[in-house]
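Data block below; observations after.
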Amino acid sequence: MSKFYTKALNLSMYLSKVYKTQGYEEFMKEFSRCIDLSLEGLDTNPEEVDRRLISLATGMSLSLFSDNRESIMQFIVHLPFQLKEDKPIDIKRKRFIDGFGMMVKTLEQSSRKFSERVIMLLKSYPLQKLNQLSVDILANQFQYSKSYFSRKFHEEQGHTIHDAITYEKLNRAFSLLSNANPRMNVKDVAQTVGFSDQKYFSSLFKENYGFSPSDIARLDEAIHRYPKQE
């Protein structure tokens, strides 16, 4: 493995972290700076410049959008031809950075929304771990900083990630109160989904559903008290 390939791999890991913690604008600033460092001393070696730019583009794009390989490869396939057209290295560098930035923006838009992936994870989160779920745990799982994770989710969904976690916990509670066998009492349900304060849980539940958790239990009991009519 060449020294530059190893360096490109390390740069990709570093820049991927910048993208996930600080967003697109800061990522592009750091990406431009890293390109300048990688091309130092290569003014008279355009072939090596092309090779390094292609290596960086491939590693970086796959690191950011590993689930969109087809679009990435379409960009990479055309990159050598574009680079050969640009003779001066400063023009080559500028067009490369602009083109890579446009590709990142395009892939951001075409990929499944970040917030949708978060919601999918929430809906499939194990019930036995739901009482421990927090914004910190989710941010770590997606490898984002807590602040960037929360801001990005809010920008896409219009409500906070904390609200989304609460909604999911209440939905699970509704399901447990309606379907659990044997039937669970309100206190046990609240604790199972992560609410230590039963009164607070009941208040939130009624605010969202229009009736209290105990109303579901009473309704369920009334339904089962009377046999079905043939």
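Name the residues in the range 1-17 that are surrounded by fewer than 17 Cβ atoms within 10 Å (Cβ to Cβ) and either in a helix (DSSP H, G or I) or at pLDDT 85 or above (or both), would you? Steps first, answer last, please.
Residues of the range 1-17 surrounded by fewer than 17 Cβ atoms within 10 Å (Cβ to Cβ): 1-7, 9-10, 13-14, 17.
The answer is K3, F4, Y5, T6, K7, L9, N10, M13, Y14, K17.
Inclusion of S63 among residues that are more than 30 Å from V189 (Cβ to Cβ), modelled with pLDDT under 75, in a helix (DSSP H, G or I) and of a type in the set (G, A, S) is not warranted. Output the residues belonging to the range 117-147 that are modelled with pLDDT of 90 or more and either touching a Cys at 6+ places or on another chain (Cβ under 8 Å) or hydroxyl-bearing (S, T, Y) (or both). Result: S134, S147.
Tell me which residues, restricted to the range 177-194, are touching a residue at least 40 places away in the same chain (Cβ under 8 Å) and either surrounded by fewer than 19 Cβ atoms within 10 Å (Cβ to Cβ) or not in a helix (DSSP H, G or I) (or both). Correct list: S178, Q191, T192, G194.
Of everything listed in (1) at pLDDT below 80; (2) surrounded by fewer than 18 Cβ atoms within 10 Å (Cβ to Cβ); (3) in a helix (DSSP H, G or I), the single unmet condition for I72 is (2).
The values are calculated or read from the model by the stated rules, or taken from the named source; none is laboratory data. Keep in mind it's a predicted model, so treat the numbers as computed, not measured. Don't worry about glycine lacking a Cβ; one is built from the backbone with ideal geometry, like all the others, and counts go over all protein chains shown.
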